[in-house]
Amino acid sequence: MARASSHYVCQSCGAASSKWSGKCEACGEWNSITEEALPTGPPKGLHAASGKGAASHAKARRVQFEGLDEETRKAPRFLTGIAEFDRVCGGGLVDGSALLIGGDPGIGKSTLLLQTVCRLSAAGISTAYISGEEAIDQIRLRADRLGVVKAPIALATATSVRDIVSALETDKPRLTVIDSIQTMYVDTLDSAPGTVAQVRASAQELIRVAKTNGITLLLVGHVTKDGAIAGPRVLEHMVDTVLYFEGDRGHQFRILRTVKNRFGATDEIGIFEMTDKGLSEVANPSALFLADRRGDVSGAAVFAGIEGTRPVLVEIQALVAPCPPGTPRRAVIGWDSARLAMVLAVLEARCGIQIGMHDIYLNVAGGLRISEPAADLAVAAALLSSLSGEAVPSDTIFFGEVGLSGEIRSVSQTDQRLKEAAKLGFVRAVLPESRTKKQGDHGLKLTAINHLDQLLPLFPAKKKKA
Ligand code: TYD
Ligand code: MG
């Protein structure tokens, strides 16, 4: 019987099967399975060399073991000069490392990388920018817009990995940008560019060449509608650092978030603003997120959060409206809707607030996405404020996690949160009781609470209504 020459691979998770189906069994994605040719010949394992090509059998070199206490060389780094970008990379780019930058189309990946490359080359570092998506003229036009035409960077449009590798091996630029990995192909594979097999093989080859030549490689990856880099959960483990560009195109803010970093902390963010001259850095994000705030309206509370290593103050907005008969609406932007449901349930069950039968809208102003549970208290304050019509005092910040029995649990880095609030002119903080005694107050008036119902006196009108 003839052996099958192809198999079916999910373009979302990389799972392979022998027959086509509409839905991937492994990840549940629909319409993601395409046919790909099977690799010909035996897999290139250790034994591949023992058959026909035994002559080329490489002699094994014994692996050297070392102890933990031996001297380490610090990873050599170079700064891009774009502080927000250096921050998400863990303090500059590491020589010979591979980075993956993901994001929606049009979010600004090419813009940021062109700016980075130009900065570096102006500082005398050799760089190459290889685009598989745009023509050289388009890149020139963009550079013109960014005001960086004079930078001595090496531009190329190419999609064949073989050609690119040969250029990299001869020129050895210190930094290379590949925009994007989905347009690259390896000519020994039959599948089309952008398929899992091609993306994986191209990335593997490029990373191998970059590592052996000490080239820092920046790979651009497109993101599918549900937020995964297309094809490439398979890519995430191959690279040293994964960065995601977030933010919607309606806002001018763009957030670059570290998802994985072998050379630094994760969950770090860099904040940029899209201007007519490209992306500019935002050094003081709290001031930016609070810029459009009107202090005297109900339904808004300021949360003192921590993003990565940095405190960020953001406004949480809630709208609680009477709902017509039927199921109440819940819409959440920038926060977890399951946590909203929990805070609502706790308000209802532990504090006796009748809030369940209302339409509820929750929004984190400025387009930031918050994942910290510490925002619970600020969310509760915004909800209570909207329900009662009583504005939250505009000089007050909130943070604390709400437990299921209504208790307020302590959160980390109280000190940093308070310091940032004091810096931005806030005078009062509502926070969990369990931590305050150990910390300084940074000149703020602290209201420490240990149960959610201690928040109610802040909203006296609520009592009348209920
Ligand atoms: P781009 O970097 O091409 O996105 P990606 O590579 O992630 O697909 O982003 C282009 C968008 O940014 C486009 O919608 C126009 C906008 N933009 C500006 O607003 N100002 C600028 O100076 C530039 C270069 C782009
Ligand atoms: Mg692009």
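The numbers here are math on the coordinates, done by the rules we state, and not lab data. Fair warning: this is a prediction, and the values are worked out from it, not measured in the lab. Backbone-built Cβ (ideal geometry, glycine too); neighbour counts: all protein chains shown.
Side notes on the structure shown:
- Spin-label pair residue 68/residue 25, simplified geometry with 7 Å Cα→Cβ offset, distance in nm: 4.2 nm
- Virtual spin-label span in nm between residue 251 and residue 17, 7 Å along Cα→Cβ: 3.8 nm
- Note, ³J(HN,Hα) from phi for segment 267-274, Karplus 6.51, -1.76, 1.60, rounded to Hz, x at Gly and Pro: 6, 7, 10, x, 10, 10, 10, 7
- Ascending count of other beta-carbon atoms within 10 Å, so fewest first, for 127, 396, 266: 266, 396, 127
- The relative contact order of segment 296-364, computed from alpha carbon pairs under 8 Å that lie at least 6 residues apart in sequence, is 37 percent.
- Residues 240, 376, 171, 86 arranged by fewest to most Cβ contacts within 10 Å: 171, 86, 240, 376
- Percent of Cα pairs in segment 282-439 per distance bin of 5 Å, from zero to the largest separation: 2, 10, 20, 23, 21, 14, 7, 2, 1, 0.
- Descending Cα extents along the principal axes, the chain, whole Å: 88, 58, 53
- Summarising the label geometry, the points placed 7 Å from Cα in the beta-carbon direction at residue 329 and residue 259 lie 3.1 nm from one another.
- Relative contact order for the chain: 12 percent, from Cα pairs under 8 Å spaced at least 6 residues apart, divided by residue count.
- Relative contact order of segment 212-345, taken over Cα pairs closer than 8 Å and 6 or more residues apart, is 12 percent.
- Computed lengthening from residue 277 to residue 415, 0.36 nm per intervening residue step minus Cα-Cα distance: 46.0 nm
- Net length available on complete extension from residue 369 to residue 145 is 77.7 nm, with 0.36 nm assigned per residue and the Cα-Cα distance removed.
- For the cross-link pairs 19/172; 59/109; 109/172; 19/260; 150/172; 211/277, the ones whose C-alpha atoms lie over 32 Å apart are 19/172; 59/109; 19/260; 211/277.
- Put in order of Cβ neighbour count within 10 Å, fewest first, the listed residues 268, 70, 134 become 70, 134, 268.
- Stretching the chain fully between residue 212 and residue 5 yields a gain of 71.2 nm (0.36 nm per residue, less the alpha carbon separation).
- For the chain, the antiparallel share of DSSP beta bridges with both residues in that region comes to about 55%.
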